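Worksheet: one structure, shown below.
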Amino acid sequence: MAYNYKEVANELRRQIQNGKYRPGELISDQNKIAEDFCTTRITVHKALQLLMIEGMIYSKRGAGTFVRKDYSIDNSINGKISPSEQLLGTTETNAGKSVTSKLLELSARIPSYEEAENLLIQPTVPVYVIRRIRYLNDKVFAYERTIMPTSITTLTEDVLKSSVYSHLKKEGFNIEGSHRIVSAKKASQTDIDTGIAEKIGEPVLVINQLSYLDDGQPFEISESRFPYQNSKLTADITL
C-alpha cells in the first residue's frame, strides 16, 4: 500500500509525539522513509514540509532533518490551531456582507532568513510585502500584514482591494490549511493609525498565520490584528 503525504505526515507526527524521535534527534532520511511507507521521495518531502510548517521539525542542509529542540507535546495545545480543516479569507468568511480594503503597501523585497525558512524558498526569491486595512460594512474589521513569495502569483492593487484567496483559486491553486497562533496583545501606534484601537495599551486580538497549498508549499505569512470590541474566536472540538 502506497501512502499519500498526509498519511505519512500523520504517522511521523505520531512517532515524534510517542518519543520514537526525541527533541534534537535526527530522523530517518527521505529515502528510508519512502521505503518504509512504500511511497515516493516527493511524497515524503511534502509530508516533511507539513511538519516543518507546524514547527515540529527543521532541516539542516547537508545534515538531514531533525526534531526541533524546543518541541514538546504541549506545543500542540499552547494556543495554537493547526491545521485548519477549512481555510477561508475575510471575504468568504463574511459572505453576504460588504467587505472592502484600503491598500497601504504593495512592495517587493528579498526575504529575511526567517521568512525564507518558513516559506521554504531560496533566500534570493523575492517576496511581496502587503499591508491592508479590511472593512466590514464600512467599519474597520482588521489590519493585515502579509508576506508572500512573488513566485506564487502576480498581485496587483485591484486584486488586493478584493480577495487574494479568490484570486489564487481562480489561478488553479488549492488552499489546504493554516498553522495559526491566536493571542491578545496591547495596541501599538500602528493599531491607532489603522483604526484598530483608540489608545496605546488597549487590547487587540492578533492572529499569526502560516498558510499552505495542497502540495504542502507555504504561500503566506500573515499577521492580522482585530479591534477587541468585535473580536470573537469560535472553535468546535471533537474528542
Percentage relative contact order, the chain, counting C-alpha pairs under 8 Å, at least six apart: 17 percent
Return the distance in nm (one decimal) between the two label points of a simple spin-label model at Cys38 and Glu105, each offset 7 Å from Cα along Cα→Cβ. 5.2 nm
Determine the gain in length on full extension of the stretch Gln15-Arg145; use 0.36 nm per residue of separation and subtract their C-alpha separation, reporting nm with one decimal. 43.3 nm
Loop-resident sites, the stretch 1-47, for GluC sites (Glu not before Pro), counting at most 15 other Cβ within 10 Å (DSSP): Glu25
The long-range amide H neighbours of Glu176, using H built 1.01 Å from N in the peptide plane and a cut-off of under 5 Å, are Tyr212, Leu213, Asp214
Hey, which lysines would be in cross-link range of Lys186, C-alpha to C-alpha under 26 Å, not counting anything within fewer than 8 residues on its own chain? Lys80, Lys102, Lys139, Lys199, Lys232
Please compute the Kirkwood hydrodynamic radius of the stretch 5-75 from all pairs of different C-alpha atoms, in Å with one decimal. 12.0 Å
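Please order Arg14, Arg145, Arg132, Arg41 by the number of other Cβ within 10 Å, starting at the fewest.
Arg14, Arg41, Arg145, Arg132
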Residue by residue through the stretch 188-201, the couplings from Karplus 6.51 cos²θ - 1.76 cosθ + 1.60 with θ = phi - 60°, in Hz, x for Gly and Pro, are 9, 5, 4, 4, 5, 4, 9, x, 6, 9, 9, 8, 4, x
Round to the nearest 10 and give me the degree value, 0 to 90, for the angle of helix 5-17's Cα axis relative to the longest principal axis of the chain. 80 degrees
Treating the angle as unsigned and between 0 and 90°, give the value, to the nearest 10°, between the Cα long axis of helix 41-53 and the longest Cα principal axis of the chain. 50 degrees
So what's the convex hull volume per residue for the Cα atoms of the chain, in Å³? 152 Å³
Convex hull per residue volume in Å³, alpha carbons only, for the stretch 90-230: 113 Å³
Among Asn118, Tyr143, Val159, whose Cα sits farthest toward the positive end of the charge dipole of the stretch 104-239 (+1 at Cβ of Lys/Arg, -1 at Cβ of Asp/Glu, about the Cα centre)? Tyr143
Treating cross-link reach as a plain straight distance, find the aspartates and glutamates whose alpha-carbon is under 13 Å from the alpha-carbon of Lys185, omitting any fewer than eight places away in the same chain. Glu202, Glu223
Tabulate in residue order the Karplus-calculated ³J(HN,Hα) for the stretch 155-171, using 6.51 cos²θ - 1.76 cosθ + 1.60 with θ = phi - 60°, rounded to whole Hz; enter x for Gly and Pro. 9, 10, 4, 5, 4, 6, 7, 10, 10, 5, 5, 5, 4, 5, 5, 5, 7
Residue-ordered couplings for the stretch 129-136, obtained by feeding phi - 60° into the Karplus form 6.51 cos²θ - 1.76 cosθ + 1.60 and rounding to whole Hz (Gly and Pro as x), are 10, 10, 10, 9, 9, 9, 10, 10
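Computed from the coordinates by the stated procedures, all read-outs in this text should not be read as laboratory data. The model shown is predicted, which means the values in this text are computed figures rather than measured ones. Note: ideal-geometry Cβ built from the backbone for every residue, glycine included; neighbour counts use all protein chains shown.
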